[in-house]
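Engineer: First the structure, then my questions, so here it is.
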Amino acid sequence: MLGSKKSAFNVSGSTTLISPDTVIVGDIHFSGNLDVEGLVQGNIIAQPDKDALVRVVGKGRIEGDIRAPAVIINGVVQGDVYSSKHLELASRGRVQGNVFYTLVEMAAGSEVNGSLSHVVTAEKAKGKIVDSGVEAIVAGEKRAAAVTTSSIVD
């Protein structure tokens, strides 16, 4: 959870580390775990239909979009973030762009300079009543986000 060394969301498989003094220019396509402590100037894209986790930690910085099921940000992202399962914004996490999420955790001190948009996964949407509200966990405390609309999806 927030503030702890170990996240509540774990992905099995290999881990790729981009160390603090590393700069990568170009897009990264991956599966498994990707830990960014350096600079990535390009998009980060998880392989479709595979579990994947992106962690932007320490002085890690992304100048591009992130598209992954699980994302933990405790560094800086200049671009949009698309998280289909779980997004965690830690206390030093900064996003300068729009955020699209299914479930979000935000610690006190985190920032999003853009819009927050709740998205519904295909499994939830198929023939069910879809609620645009989402449970947000803010500063380690569960609070229900405002429910704005409900609709039936075909």
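The values are calculated or read from the model by the stated rules, or taken from the named source; none is laboratory data. Being a predicted model, the structure only gives us computed values, none of them experimental. Glycine also receives a Cβ, built like all others from the backbone with ideal geometry; neighbour counts cover every protein chain displayed.
Engineer: Report, ordered by the first and then the second residue, all pairs with beta carbons closer than 7 Å, sequence separation of six or more or different chains, a first member in the stretch 33-58 that is among the basic types (Lys, Arg), and a second member that is surrounded by fewer than 19 Cβ atoms within 10 Å (Cβ to Cβ).
Structural biologist: 50/31; 55/35
Engineer: Then there's this: Mind listing whichever residues of the stretch 34-77 are modelled with pLDDT under 95 and on the phi > 0 side of the Ramachandran plot?
Structural biologist: Answer for the stretch 34-77, where residues must be modelled with pLDDT under 95 and on the phi > 0 side of the Ramachandran plot: 49, 58.
Engineer: Let me ask you something else. Can you list the strands (runs of 3 or more DSSP E) found entirely within the stretch 1-102 that contain at least 1 residues being of a type in the set (Ser, Thr, Tyr)?
Structural biologist: 15-18, 81-89, 99-101
Engineer: Hey, another quick one. Output the residues belonging to the stretch 7-57 that are of a type in the set (Gly, Ala, Ser), loosely packed, with under 15 Cβ neighbours inside 10 Å and within 20 Å of residue 80 (Cα to Cα).
Structural biologist: Listed by number, the list holds a single entry, 26.
Engineer: Oh, and also: Identify, please: which residue in the stretch 59-93 is crowded, with 20+ Cβ neighbours inside 10 Å and touching a residue at least 60 places away in the same chain (Cβ under 8 Å) and is, among those, nearest to residue 47 (Cα to Cα)?
Structural biologist: Filtering first and then ranking leaves 70.
Engineer: Going through 31, 117 one at a time, which residue ends up being among the small types (Gly, Ala, Ser) and at pLDDT 95 or above?
Structural biologist: So the residue among 31, 117 that is among the small types (Gly, Ala, Ser) and at pLDDT 95 or above is 117.
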